[in-house]
Amino acid sequence: MMRRALWRLLPVLPLLLSAWPGSAAAGNELELLSVATAEDGTQQYSVTLQVLLLMTLLSLVPAALIMTTSFTRIIVVLAILRQGMGTQQTPNNQVLIGLALFLSFFIMAPVLERIYEEAAKPYLEESLDAPAAIAAAGGPMREFMMSQVRAPDLELFASLGGHDGFESEADVPFSVLLPAFVTSELKTAFQIGFLLLLPFLIIDLVVAAVLMSMGMVMLSPLIISLPFKIMLFVLVDGWSLVMGTLAASFMAG
């Protein structure tokens, strides 16, 4: 009997809720998604809409980290280094990503400080609205990317996009700058990786020649050359050289 009574109340439940005291006033006051225009022409977003925009931006943070910072060059060089040493999964992917991440924070620290001072801090102090803060944050990132991009790559994607030329760096659209920056980073990463592979390649060739001269054809040269590669890398303080070279490659640019 109780279930039947509840089922009979379901069709009239919306009417009961609408007739509840204060429900209409609460519906008018609770504006989840609203944009109000102030007297000076600026737009004020509701808290719910700001949270929605913030969550959307946070979902794009991994892609922005990979595509617009120094992370791409660093992780590619470290992966090539591991491949050249022949240590298989040592260091593992988590360690390489952690190294690349924190080295990227070190390199991008001046840019992040400028973004905080010019965009985040004024936005938190409510002296800038959200669109103006996003535009202000794009300035330091654009300068960093322009300092690392190669002119041929920029001209390539500008021609593919139908742009004849740009009078200044500020005129370069982000749709052209981003693929040119990523392409330049990959080129630089493979150039550094090629230089890192040369010593390991020489060790592999010497070990393979010695094993063939001794008639030990069935023994893999990688097993013998691995200790020599690790010893050479440790003796020359390889990790400090690699990390310092990667950081200096961005500072020089």
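Values as computed for the structure displayed
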item	result
Cβ pairs under 9 Å, 6+ apart, first in the stretch 115-130 and closer than 21 Å to residue 69 by Cβ, second among the polar types (S, T, N, Q)	121/127
Conditions (1) open to solvent by 30 Å² or more (accessible area, probe 1.4 Å); (2) polar (S, T, N, Q); (3) within 23 Å of the chain's Cα centre (by Cα); number of the one not met by residue 159	(3)
Condition broken by residue 217, with the remaining ones in (1) open to solvent by 80 Å² or more (accessible area, probe 1.4 Å); (2) of a type outside the set (D, E, K, R); (3) part of a helix (DSSP H, G or I) satisfied	(3)
Among residues of the stretch 220-243, those that are in a helix (DSSP H, G or I), free of Cβ contacts under 8 Å to residues at least 40 places away in the same chain and open to solvent by 80 Å² or more (accessible area, probe 1.4 Å), counted	7
Cross-chain or 6+ apart pairs with Cβ under 8 Å, the stretch 79-98 first and without any contact (Cβ under 8 Å) to a residue 60 or more places away in the chain, then basic (Lys, Arg)	90/82; 91/82; 96/82
Residue satisfying condition, being assigned to a helix (DSSP H, G or I) and either out of contact with any Leu (no Cβ under 9 Å at 6 or more places or on another chain) or among the β-branched types (Val, Ile, Thr) (or both), within set 211, 198, 246	198
Count of residues meeting criterion [more than 19 Å from residue 243 (Cα to Cα), touching a residue at least 40 places away in the same chain (Cβ under 8 Å) and buried (at least 20 other Cβ atoms within 10 Å of the Cβ)] in the stretch 180-203	1
Output for the stretch 53-75, where each listed residue is at pLDDT 90 or above and open to solvent by 30 Å² or more (accessible area, probe 1.4 Å)	75
Of residues in the stretch 204-214 being open to solvent by less than 80 Å² (accessible area, probe 1.4 Å) and of a type outside the set (Val, Ile, Thr), the one nearest to residue 244 (Cα to Cα)	204
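The values are calculated or read from the model by the stated rules, or taken from the named source; none is laboratory data. Quick caveat: nothing in here was measured; it's all calculated off a predicted structure. Cβ sites come from the backbone with ideal geometry, for glycine too, and all protein chains shown count toward neighbours. Just so you know, the surface numbers come from the protein's heavy atoms only, side chains and all, with ligands and any DNA or RNA stripped out. Shrake-Rupley method; radii C 1.70, N 1.55, O 1.52, S 1.80 Å.
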